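The structure appears below as structure tokens.
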Amino acid sequence: MNENMNSRNPIQQDKCLSSSACQDILNEFSAKIFQIFTIAPDQYASASSLISVLTYEEKIADGIWELAKQRITNIDISTDTLIHALEKIGVINLRNIAVEYMFSNLVIQRFQIEGFDSSHFWQHCVSVATIARNLARIIHFRLEDEAWFAGLFHDVGQLYLISSGTEEYNEFLSSAQDTEISFAEQERSLFGTGHDEFGANFLEKCGFSNQLVVSVKHHHQDYDEKTLGLEGARLTALLQLSDFVAWSLGFGSFKGVSTPVLPPQTRRIISLKRLGISRLFKMIEPHLQRNFDIYGIPMPSDNMVKEKLFHVNVELGRLRTRYLYLMRKHNNYLEKANEIYSKHAKILMTPHQSLERNLIFKNTLRTVRENLGLKDIMVFGFNQESRSIAVCEYPGATPFDSSCLGKVVRVDENDSNILACLRSRKGVRIQGVTPAEREILNLLNAHWTIMIPIVGAGNIHGLVCLVDKTQEDMDDPEMYAPLNLLFHEMAMALDNASLYASAKRRANQDKLTGVLSRAALDESFSLAFRQASQRGEDFCIAVVDIDFFKKINDKFGHLQGDRVLRLVARVLKTSLRAGSILGRYGGEEFVIILKRTGLQAACRCCERMRLRVENLGKTLSKKLPDFRLTISIGLAEFQSDLKNAVQLFDMADNALYRAKNSGRNQVACHQSKNALELRKQ
């Protein structure tokens with residue numbers, strides 16, 4: 001290997017940097033890669049434009065050339081000038097080599113934080129990328145370059161977490177190997193999300209393809225093949241299998257042994273029997289050797305690989321032995337456990353009786369208190385950024401001194417009990433060993449308490465502390481299992497409530513513009529009409545139509561038409577005061593519900609919106625040549641003699657037709673004894 005390649009070895013150790021400096025490195029890298037993908041999105045891009053960007057910094061250009069001479073073997077570029085050599089390579093090859101070089105040199109080589117083992121990390125990245133590219137060839141997956149980059153960047157989210165400064169992530173990497181919970185699950189419980197999702201967000205910001213972003217996001221998760229699409233699902237399966245093979249061979253991203261997981265979807269998409277493992281190993285070995293040589297990574301001997309495989313099998317044997325012993329213990333425990341669980345059967349069903357967060361807390365905590373005869377229940381919220389817990393007021397918890405509300409208890413590395421509670425998702429006994437534990441017991445006025453986490457799918461909903469009246473009945477360790485199960489059920493119910501609330505929000509939102517959907521708008525309009533009828537409040541409705549909108553679609557295309565709809569919706573939304581409601585009625589029509597607003601104030605508001613859209617049209621004049629963007633608005637005021645909301649809407653709709661027939665770009669109010677007509681002067 002030549003001297004230049006050695007000089008850019010990305011696993012050389014530089015001096016340690018601060019977290020903010022490492023974040024700057026990642027931000028600088030993402031900006032450069034985004035620029036590269038913008039200039040060269042495909043093979044038809046201009047090679048000269050890309051070359052001009054890459055040769056702007058001489059050191060980077062030389063490094064790309066050196067890597068190109070290692071990567072491109074079918075073209076003689078050794079005697080060319082730099083620019084001629086880069087032109088020979090081709091746009092896509094040049095772009096891909098540039099991205100690889102910048103990641104290895106602008107990120108990995110400079111990314112030095114105390115405790116971070118860059119050599120293991122880079123060895124793992126190169127291994128997974130090499131395996132992924134060869135797998136793509138074997139299964140005839142056309143996106144070979146995507147497979148390579150998916151492997152190279154699949155763990156980039158770890159770098160983001162390491163540099164975030166919010167948690168001691170390096171410490172977590174070492175401790176994560178000694179638990180029964182999967183690495184990804186531990187990340188989600190501690191950080192709220194995993195490095196796979198952080199990595200996917202980062203790569204999306206860099207400009208990588210959607211299939212690659214999706215595969216990185218799901219490389220530690222189960223996934224729905226239909227949701228990801230054919231190519232997204234195949235690339236995800238390919239990446240998961242490549243990661244599995246790399247870990248199995250001992251090429252992990254950190255020191256130590258980890259037993260990888262291979263989801264059933266991956267085994268269904270890529271048949272291991274048809275693939276032929278010996279064929280795969282035979283193919284990847286020379287490519288691994290070549291890529292390791294490029295970066296100065298020592299290729300392990302056969303004995304070293306065998307030793308690593310032996311340790312993996314030892315770990316698998318340990319887990320299997322533990323499983324068998326647990327099964328025996330479980331069978332002996334069943335009879336006694338059934339007695340305990342039958343006592344709590346009613347409690348276990350309680351969390352699932354509602355899809356509202358407050359009702360779930362209220363019903364569950366009240367049932368727990370009544371059935372277990374508890375003296376007190378206190379709920380703590382968990383703030384992962386400040387690593388602290390704070391007393392929360394949840395319905396159903398036993399009333400206590402209100403001065404406790406919001407009381408913050410700091411948690412540090414010495415609070416092993418509390419941290420174990422979060423990481424293992426199991427109840428622990430708090431006895432006042434640390435200052436934080438003593439502070440919790442003082443708040444509860446108790447000698448000890450059971451702390452149980454309410455942890456769902458990546459969400460820490462809270463920590464519950466239970467205090468028994470006698471401080472004796474809950475001293476039985478066998479009480480922990482049903483309580484863990486109970487609050488696990490509660491967490492599932494809270495997760496379902498969050499999904500329901502999210503689905504309801506999505507259903508109520510127009511997908512294109514982000515304002516209320518037609519169904520949600522109809523519901524809000526009917527409710528506003530009933531309230532105005534009952535309370536005698538002022539209430540107006542405006543129907544807005546974009547003038548000659550069809551011409552935009554016909555002349556400039558539907559994408560431009562969608563953009564105009566979004567921009568107009570944004571102008572209308574920002575022009576409204578609090579309490580007003582904006583929804584998309586259909587096509588280019590919007591409806592505005594102006595609560596507690598009289599006709600004159602509503603006219604002024606509508607005229608303000610009309611002028612702002614007219615100004616928007618002037619701004620868009622270059623994008624929409626020979627087209628004048630304006631809106632027409634029909635306005636009607638609630639009247640006590642109206643029988644239903646449909647009559648009020650018809651009044652506004654008729655006013656809109658008058659505005660359009662009178663020349664458009666104006667506000668027209670329904671003609672009544674109190675009506676006011678406002679036209680553009």
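The values are calculated or read from the model by the stated rules, or taken from the named source; none is laboratory data. Treat the numbers as computed from the prediction; the structure is a model and nothing was measured. Heads up, the Cβs are rebuilt from the backbone with ideal geometry, glycines too, and the neighbour counts pull from every protein chain shown. Note: accessible area is taken over every heavy atom of the protein model, side chains too, but ligands, DNA and RNA are not part of it. Shrake-Rupley method; radii C 1.70, N 1.55, O 1.52, S 1.80 Å.
Below is a table of values for the structure above.
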{"quantity": "Potential extension, T55-E413 segment - 0.36 nm per residue separation minus Cα distance", "calculated": "124.1 nm"}
{"quantity": "Efficiency of FRET from Cβ geometry, S20 and F548, R₀ 45 Å, rounded to 0.05", "calculated": "0.30"}
{"quantity": "The range 516-603 - accessible surface per residue (Å², probe 1.4 Å)", "calculated": "47 Å²"}
{"quantity": "Cubic angstrom per residue, convex hull over Cα atoms of the range 586-668", "calculated": "104 Å³"}
{"quantity": "Trypsin sites (Lys or Arg not before Pro) lying in DSSP loop within the range 484-588, provided at most 12 other Cβ fall within 10 Å", "calculated": "K511, R577"}
{"quantity": "Q600/D522 FRET efficiency (R0 35 Å; Cβ-Cβ; nearest 0.05)", "calculated": "0.85"}
{"quantity": "Förster-model FRET efficiency, 30 Å R0, Q534 and K504, C-beta, rounded to 0.05", "calculated": "0.75"}
{"quantity": "The range 583-637: relative contact order in percent, alpha carbon pairs under 8 Å with at least 6 residues between", "calculated": "31 percent"}
{"quantity": "Rough spin-label spacing in nm, given labels placed 7 Å along Cα→Cβ, for D224 and R429", "calculated": "4.5 nm"}
{"quantity": "Accessible surface, per residue, of the range 22-70 when the full set of protein chains is kept, probe 1.4 Å, Å²", "calculated": "50 Å²"}
{"quantity": "Among the listed pairs K504/K595; K551/K618; K32/K217, those beyond 19 Å (Cα-Cα)", "calculated": "K504/K595; K32/K217"}
{"quantity": "Cα-projected label distance for N661 with K375, points at 7 Å along beta-carbon direction, nm", "calculated": "8.0 nm"}
{"quantity": "All-pairs Cα distance distribution in the range 513-655, expressed in whole percent, bin size 10 Å", "calculated": "12, 43, 30, 12, 3"}
{"quantity": "Computed label-point distance, nm, for sites A390 and T619 using a 7 Å Cα→Cβ extension", "calculated": "3.6 nm"}
